[in-house]
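Here's the structure we're looking at; comments come further down.
Derivation of every value follows stated rules applied to the coordinates shown; laboratory data play no part. These numbers were taken from a predicted model, which means no experiment stands behind them. When we count neighbours, we look across all protein chains shown, and the Cβ atoms used for this are built from the backbone with ideal geometry, even at glycine.
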Amino acid sequence: MGYQTSTGRTLLIDQSFTLNGERFPSNWLRVNYGNAAEMEKRGISIVDDPVSKLKDDKWYSNRTTPDGEVSSTPWPIDELRAREVKFVKDRADSLLSSSDWMVIRQAEAGKGILPQWADYRAAVRAASDVSEEAINAADFEAIQKLEYEWPKRPE
């Protein structure tokens, strides 16, 4: 549900507004939701929610004016690449951390790591490298479509 003035202006919930020279606090629409007389007196009606014009904030910086106008600006590609590379490295770190003790035991006590775990760890590092290369080669459109594939843990 949304709010609209008799002139067609959209009012946003939890945002202060001025109407016909009168200033209203950010909670006014919530407080007066059930007060039809107060809403009607000011020419405000409850309408169906408008279709959102916001773009995915993972890829865009969205700004909404008090009048409800939306402008979406793509995040700079260097920022997107850095963020996605960090995500991939963090995911690889998370996948490897559960088996780090095996590598430490091998280094400290000379006990071998099972081959399937050594293969898994190598596959995680390779998947991270492939993903990072794809991220660094991607333009704005391509980076949004990237999907990262990770190996399954050995049983």
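Rounded to the nearest 500, what is the chain's calculated 222 nm mean residue ellipticity when only DSSP H runs of at least 4 contribute -39500 (n - 2.57) each, over all residues?
Rounded to the nearest 500, the figure is -14000 deg cm²/dmol.
For the stretch 2-74, just run the numbers: alpha carbon Rg, then divide by 2.2 N^0.38 Å, N being how many residues it has.
Relative to the 2.2 N^0.38 Å estimate, the stretch 2-74 comes out at 1.21.
Under 5 Å between amide hydrogens, which residues at least 5 positions from Tyr3 or on another chain qualify, with H placed 1.01 Å from N in the peptide plane?
Here Leu11, Val47 satisfy the definition.
In the structure shown, do any of Lys55/Lys145; Lys53/Lys86; Lys86/Lys145; Lys89/Lys111; Lys89/Lys145 have a Cα-Cα gap over 20 Å, and if so which?
Going by Cα-Cα distance, Lys53/Lys86; Lys89/Lys111 fall outside the 20 Å limit.
Take the Cβ-Cβ distance between Asp57 and Val31 as r, set R0 to 30 Å, and report the resulting FRET efficiency rounded to the nearest 0.05.
On the way: r = 29 Å, r/R0 = 0.96.
According to the calculation, E is roughly 0.55.
Explain nothing, just compute: Karplus ³J(HN,Hα) = 6.51 cos²θ - 1.76 cosθ + 1.60, θ = phi - 60°, for every residue of the stretch 121-133 in order, whole Hz, x for Gly and Pro.
5, 5, 5, 5, 5, 5, 4, 5, 5, 4, 5, 4, 4
Viscosity 0.692 mPa s, temperature 37 °C: Stokes-Einstein D of the chain from its Kirkwood Cα radius, in µm² per second?
Rounded, D is 161 µm²/s.
What residues qualify as long-range amide H neighbours of Ser16, i.e. H under 5 Å apart, gap of 5 or more or another chain, H built at 1.01 Å from N?
Hits under the 5 Å cutoff: Ser26.
Between the stretch 101-155 and the stretch 1-54, what is the C-alpha centre distance in whole Å?
About 52 Å separates the Cα centre of the stretch 101-155 from the one of the stretch 1-54.
Please check: in the Gaussian network model of the chain (C-alpha springs, under 10 Å), which one of Thr18, Thr64, Thr73 has the largest mean-square fluctuation.
Of Thr18, Thr64, Thr73, the Gaussian network model singles out Thr18 as fluctuating most.
Using θ = phi - 60° and the Karplus relation 6.51 cos²θ - 1.76 cosθ + 1.60, list the HN-Hα couplings for the stretch 59-73 in order, rounded to whole Hz, with x at every Gly or Pro.
Ordered by residue, 3J(HN,Hα) equals 10, 10, 8, 9, 10, 10, 7, x, 7, x, 6, 10, 10, 10, 10 Hz.
Going through the stretch 10-95, which GluC sites (Glu not before Pro) have at most 10 other Cβ atoms within 10 Å and a DSSP loop state?
Listed in order of number, the matching sites are Glu69.
Starting from the amide H of Tyr60, placed 1.01 Å from N in the peptide plane, find each other amide H under 5 Å away whose residue is 5 or more places distant or on another chain.
Those qualifying (amide H under 5 Å, at least 5 residues apart or on another chain) are Trp75.
At what distance in nm do the modelled label points of Ser45 and Arg105 sit from each other, each positioned 7 Å from its Cα along Cα→Cβ?
Going by the 7 Å Cα→Cβ label model, 7.1 nm.
Return Leu146, Leu80 ranked ascending by Cβ neighbour count within 10 Å, so the fewest neighbours appear first. Kindly include the intermediate steps, with their values, before the conclusion.
On the way: Leu146 13, Leu80 19.
Lowest count first: Leu146, Leu80.
What is the calculated FRET efficiency for Glu38 to Thr65, with r their C-beta to C-beta distance and R₀ = 30 Å, to the nearest 0.05?
0.75
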